[in-house]
Amino acid sequence: MKRIILVLLLLSACKKEVKVEAPSYPNPVKETVIDGLSRPWSMAFLSETEVLLSEKDGDLLRIDLTTKEKFKIKGIPEDRFDTLLYKKAKYRPLTFPPSLPDGSKITYNAGILEILLHPDFEDNRQLYLSYVAESNEGSTTKVIRAELENDSLTNIRQILLATPYSDGLFHYGGGMTFDNEKKLYITVGERIFSEIHEPELPVAQDVTDRRGKIYRLNSDGSIPEDNPDFGPDAIPGLFAIGIRAAQGITKSPLTGALWFSEHGTTQGDEINLLEKGGNYGWPIITSGGYRSKDYSPPTLEGVTYTDPIWYWPQTVAPTGLTFYTGDEFPQWKNNIIVPGLSRGSLWRVQLDGQTIVSMEELFMNDRQRSRKAVQSPEGKLYLLTEDLADRTNGKIIQIKPE
């Protein structure tokens, strides 16, 4: 079956779509490598055949892709949080979806999130883990650094805690990557389900609130001296603000620039180029709509907002994107691969510098709810998928030429 590629000419704020036939070769196919996973969220390669994998609703695993063996990593901090028994009377209206039955066991966005190796992992055995932490005041995003020793996390150190803790199970973020200077970037969502709960100065716009931001840290958690200045009252480590629910962040192998995906509400899903000191607008401006029809955002004087590089006209729920640099698909070289949760879409994004020139939806007749795209050291492309009907049926899938 022929695939369709959408060539998108971006002219200021408008889009013009032109359909042309895509090359018929190579035709990608999916091959299941590992199944039986509890909603896999992230994966880091220890070697070409061995990975660390985080299950959002499960464990941190070491997996041999050849033998299919799975080994549980011990030492996850005890404040990890992934399941809530919902009691409707305990929460303000629209802390959770109004259709949620009282007494339900729910996870939504909570659980273990990103697993990321230090750039010098082979020498120092250090890794980073983002996860949802709980206290008696609610939950929030937490990042730790640890050493991997005999399938255990040791020498654990807190790198970031995105206080305040708050109610709800949404928009933790948790995406992480390193840049060419070995600086660590972390995405943190603004944690609010409905905009009616925004304070007068919205969370993502408040530089004294740790939520709704992107951070830039040294690998030991200290603050780089050349970080942007958000004012004397700003919390340490801020690199960009105005973030709603960014999960994926990745580095361009050609330019070193960082790109991240962003979840909208009613549409409004975006691909963004990370800019130092950028304000990505949420919830003052959005390329989509609001969950609450009664919400009217305030006007902030003297603020410049950073526009997305691309936004979809439909809901995609983009997640863990990556740049493809392998040899199996020559036409895809240095393209961004973007998986989506909504409708199970998978996108190939072609760039010309910092401009998106084309976007192709792959596997339109074989959609699977997808959490992250990952490339192996030798350039093989993998996809982490999940099945909401069977939360233990998550998979590692390899994308190969036919």
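The values are calculated or read from the model by the stated rules, or taken from the named source; none is laboratory data. What you are looking at is a predicted structure, and each value in this text was computed from that prediction instead of being measured. All Cβ positions, even for glycine, are placed from backbone atoms using ideal geometry, and neighbour counts span all protein chains on display. Protein only, heavy atoms only, side chains kept; ligands, DNA and RNA dropped before computing areas. Shrake-Rupley method; radii C 1.70, N 1.55, O 1.52, S 1.80 Å.
Loop only per DSSP, at most 14 neighbouring Cβ atoms within 10 Å: give me the GluC sites (Glu not before Pro) in region 334-387, ordered by residue number.
Answer in residue order: 378.
In percent, what relative contact order does the chain have, based on Cα pairs under 8 Å that are 6 or more apart in sequence?
Details: 1065 pairs, mean separation 60.7, N = 402.
Computed value for the chain: 15 percent relative contact order.
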Original post:
Which residue, 271, 337, 356, tops the fluctuation ranking in a GNM of the chain built on C-alpha contacts under 10 Å?
Top reply: 356
Original post:
Once label points are set 7 Å from the Cα along Cα→Cβ at both residue 295 and residue 364, what is their separation, rounded to one decimal in nm?
Top reply: 3.2
Subject >> residue 229 versus residue 135: modelled label distance in nm, points set 7 Å from Cα along the beta carbon direction >> reply: 3.1
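Relative contact order for region 113-175: what is it in percent, counting Cα pairs under 8 Å that are at least 6 residues apart?
Working: 124 pairs, mean separation 19.2, N = 63.
Answer for region 113-175 is 31 percent.
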Original post:
Using the Cα atoms of the chain to build a convex hull, what is its mean projected area in square nanometres?
Top reply: 19.6
Subject >> Partner aspartates and glutamates for residue 105 [C-alpha distance under 20 Å; skip if fewer than 8 residues away on the same chain] >> reply: 55, 57, 59, 78, 79, 82, 134, 137, 167, 386, 387, 390
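Please give the charge dipole size of the chain, origin at the Cα centre, charges +1 on K and R Cβ atoms and -1 on D and E Cβ atoms. Round to the nearest 20 debye.
980
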Subject >> Anchor residue 293: lysines whose Cα lies under 16 Å away (excluding residues fewer than 8 positions away in-chain) >> reply: none
Subject >> Extreme residue, positive dipole direction of the chain, given options 60, 132, 93 (C-beta unit charges) >> reply: 93
Original post:
Measuring with a 1.4 Å probe in the full set of protein chains, what accessible area per residue, in whole Å², belongs to the chain?
Top reply: 43
**OP:** Compare the Cα positions of 271, 288, 230 along the charge dipole of region 179-288 (+1 at Cβ of Lys, Arg; -1 at Cβ of Asp, Glu; about the Cα centre) and return the one farthest towards the positive end.
**Re:** 271
Subject >> Where GluC sites (Glu not before Pro) fall in DSSP loop in region 118-191, at most 13 other Cβ within 10 Å >> reply: 137, 181
**OP:** Could you tell me which of the pairs 333/400; 183/333; 56/400; 213/276; 333/380 are separated by over 21 angstrom between their Cα atoms in the structure shown?
**Re:** 183/333; 56/400
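For residue 268, what charge total do you get from the other residues with a beta carbon under 11 Å from its beta carbon, if Lys and Arg give +1 and Asp and Glu give -1? Don't skip to the answer; put the middle values down first.
Values: positive: 244, 291; negative: 262, 269, 270.
So the environment of residue 268 carries a net charge of -1.
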Original post:
Most mobile of 218, 272, 136 per a Gaussian network model of the chain (Cα springs, under 10 Å)?
Top reply: 136
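Mind giving me the FRET efficiency for residue 89 and residue 267? R0 is 25 Å, r the Cβ-Cβ distance, nearest 0.05 is fine. Could you put the intermediate results ahead of the total?
Values: r = 33 Å, r/R0 = 1.32.
Efficiency, rounded to the nearest 0.05: 0.15.
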Original post:
How far is it, in nm, from the label point at residue 68 to the one at residue 48 when both lie 7 Å from their Cα along the line to the Cβ?
Top reply: 2.2
Original post:
DSSP loop trypsin sites (Lys or Arg not before Pro) in region 44-105 with at most 14 other Cβ atoms within 10 Å of their Cβ, which ones?
Top reply: 68, 87
